[in-house]
Amino acid sequence: MAETARLNGCLNEIELAFVERETTPRQFMKLGIQLHLCGLSLSNTVSVLYEFGVDRARSTVHNWVHKAE
């Protein structure tokens, strides 16, 4: 339930205070987090991000989701 509660708002409500390096634009990090929390697999989330030109590993997206909690 806690994860779905985070989906009620917009991307701007996802906190990225954990970000140390800006290798990925914040909007795409937030999109990846939200897509995965909506139920998209890590592989599919990575595929969607790749369509926008963001090439990241599944483990990277996994880390974003867990660090954003």
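Accessible surface comparison of Val65, Val48, probe 1.4 Å, protein chains only, largest first: the order is Val48, Val65. Relative to the current alpha-carbon distance between Ser43 and Glu69, full extension at 0.36 nm per residue lengthens the span by 7.3 nm. For Glu69, Glu51, the ranking by accessible surface with the largest value first comes to Glu51, Glu69, using a 1.4 Å probe. At full extension, Gln27 and Glu51 could sit 7.2 nm farther apart than now, given 0.36 nm per residue minus the alpha carbon distance. The relative contact order of the stretch 24-68 comes to 41 percent, based on Cα pairs under 8 Å that sit 6 or more residues apart.
The values are calculated or read from the model by the stated rules, or taken from the named source; none is laboratory data. The model shown is predicted, which means the values in this text are computed figures rather than measured ones. Calculation scope for accessible area: heavy atoms of the full protein, side chains included, ligands and nucleic acids excluded. Shrake-Rupley method; radii C 1.70, N 1.55, O 1.52, S 1.80 Å.
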